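Comments concern the structure below.
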Amino acid sequence: MQTDKTFRVRIPNKRGMLAQVVSHMSSAGVLFSDIKTRHIGRKYTYRDITVEVTNDAQGKACLDALEAVEGIVVDEVVGEVLRLHEGGKLVHRGRY
(Lines give C-alpha, C1' and ligand atoms only; values in the text may rest on other atoms or scores of the structure.)
Protein backbone atom coordinates (compact mmCIF):
# COMPACT_ATOMS: atom_id res chain seq x y z
CA MET A 1 0.00 0.00 0.00
CA GLN A 2 1.48 3.34 -1.02
CA THR A 3 1.39 6.15 1.48
CA ASP A 4 3.08 9.49 2.07
CA LYS A 5 5.52 10.09 4.92
CA THR A 6 6.83 13.50 5.87
CA PHE A 7 10.25 13.67 7.46
CA ARG A 8 10.72 16.84 9.53
CA VAL A 9 14.46 17.38 9.50
CA ARG A 10 17.16 19.83 10.54
CA ILE A 11 19.84 20.13 7.90
CA PRO A 12 23.12 21.91 8.72
CA ASN A 13 23.62 25.13 6.76
CA LYS A 14 26.51 23.86 4.68
CA ARG A 15 26.89 23.71 0.93
CA GLY A 16 25.65 20.45 -0.60
CA MET A 17 23.77 19.14 2.46
CA LEU A 18 20.32 19.11 0.81
CA ALA A 19 21.79 17.21 -2.14
CA GLN A 20 23.23 14.61 0.26
CA VAL A 21 19.86 14.24 1.98
CA VAL A 22 18.02 13.74 -1.32
CA SER A 23 20.65 11.31 -2.58
CA HIS A 24 20.55 9.18 0.58
CA MET A 25 16.74 9.13 0.67
CA SER A 26 16.64 8.20 -3.03
CA SER A 27 18.75 5.14 -2.28
CA ALA A 28 15.70 3.74 -0.43
CA GLY A 29 13.72 3.90 -3.69
CA VAL A 30 11.18 6.50 -2.55
CA LEU A 31 9.34 8.94 -4.80
CA PHE A 32 9.62 12.57 -3.69
CA SER A 33 6.33 14.46 -3.38
CA ASP A 34 7.39 17.76 -1.79
CA ILE A 35 10.20 19.58 -0.03
CA LYS A 36 9.16 22.58 2.07
CA THR A 37 11.46 24.95 3.90
CA ARG A 38 9.94 25.74 7.31
CA HIS A 39 12.70 27.94 8.70
CA ILE A 40 16.25 29.00 7.90
CA GLY A 41 18.34 29.57 11.01
CA ARG A 42 22.02 30.26 11.65
CA LYS A 43 23.03 26.63 12.08
CA TYR A 44 20.18 24.66 10.50
CA THR A 45 17.57 24.80 7.79
CA TYR A 46 14.34 23.14 8.91
CA ARG A 47 12.58 21.26 6.12
CA ASP A 48 9.60 18.97 5.66
CA ILE A 49 10.44 16.32 3.08
CA THR A 50 7.45 14.31 1.88
CA VAL A 51 7.99 11.04 0.05
CA GLU A 52 5.79 8.23 -1.19
CA VAL A 53 6.63 4.83 0.29
CA THR A 54 5.22 1.46 -0.70
CA ASN A 55 5.46 -0.19 2.73
CA ASP A 56 6.76 0.26 6.28
CA ALA A 57 10.09 -1.37 5.43
CA GLN A 58 10.75 1.21 2.73
CA GLY A 59 9.85 4.00 5.16
CA LYS A 60 12.29 2.57 7.71
CA ALA A 61 14.99 2.27 5.03
CA CYS A 62 14.44 5.92 4.14
CA LEU A 63 14.76 6.94 7.80
CA ASP A 64 17.93 4.88 8.18
CA ALA A 65 19.39 6.49 5.05
CA LEU A 66 18.58 9.95 6.40
CA GLU A 67 20.17 9.23 9.75
CA ALA A 68 23.33 8.09 7.95
CA VAL A 69 23.95 11.65 6.74
CA GLU A 70 26.33 13.31 9.21
CA GLY A 71 24.76 16.27 11.02
CA ILE A 72 21.15 15.56 10.07
CA VAL A 73 18.57 15.58 12.86
CA VAL A 74 15.21 13.91 12.21
CA ASP A 75 12.74 15.66 14.49
CA GLU A 76 9.65 13.70 13.48
CA VAL A 77 8.18 11.33 10.90
CA VAL A 78 4.54 12.07 10.09
CA GLY A 79 2.19 9.73 8.27
CA GLU A 80 0.17 12.00 6.00
CA VAL A 81 -2.99 9.86 6.17
CA LEU A 82 -3.09 10.20 9.95
CA ARG A 83 -2.30 13.93 9.78
CA LEU A 84 -5.22 14.53 7.43
CA HIS A 85 -7.60 12.95 9.94
CA GLU A 86 -6.45 14.96 12.97
CA GLY A 87 -9.43 16.64 14.59
CA GLY A 88 -11.91 14.31 12.89
CA LYS A 89 -12.92 13.58 9.34
CA LEU A 90 -15.87 15.90 8.97
CA VAL A 91 -15.88 19.67 9.02
CA HIS A 92 -19.05 21.72 8.77
CA ARG A 93 -18.49 25.01 6.94
CA GLY A 94 -22.09 26.15 6.51
CA ARG A 95 -24.05 28.95 8.20
CA TYR A 96 -26.53 28.37 10.98
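The values are calculated or read from the model by the stated rules, or taken from the named source; none is laboratory data. Model, not experiment: these values are computed from the prediction. When the accessible area is computed, the model is the full protein with side chains, heavy atoms only, and any ligands, DNA or RNA have been set aside. Shrake-Rupley method; radii C 1.70, N 1.55, O 1.52, S 1.80 Å.
Quick look at the numbers
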{"quantity": "For the stretch 1-57: accessible area per residue (Å², 1.4 Å)", "calculated": "64"}
{"quantity": "Accessible area of the stretch 1-67 belonging to carbon and sulfur atoms, whole % at 1.4 Å probe", "calculated": "48"}
{"quantity": "Anchor Lys5: aspartates and glutamates whose Cα lies under 19 Å away (excluding residues fewer than 8 positions away in-chain)", "calculated": "Asp34, Asp48, Glu52, Asp56, Asp64, Glu67, Asp75, Glu76, Glu80, Glu86"}
{"quantity": "For the stretch 2-82, average projected area of the Cα convex hull in nm²", "calculated": "4.8"}
{"quantity": "Kirkwood Rh and Cα Rg combined as Rg/Rh, the stretch 1-40", "calculated": "0.97"}
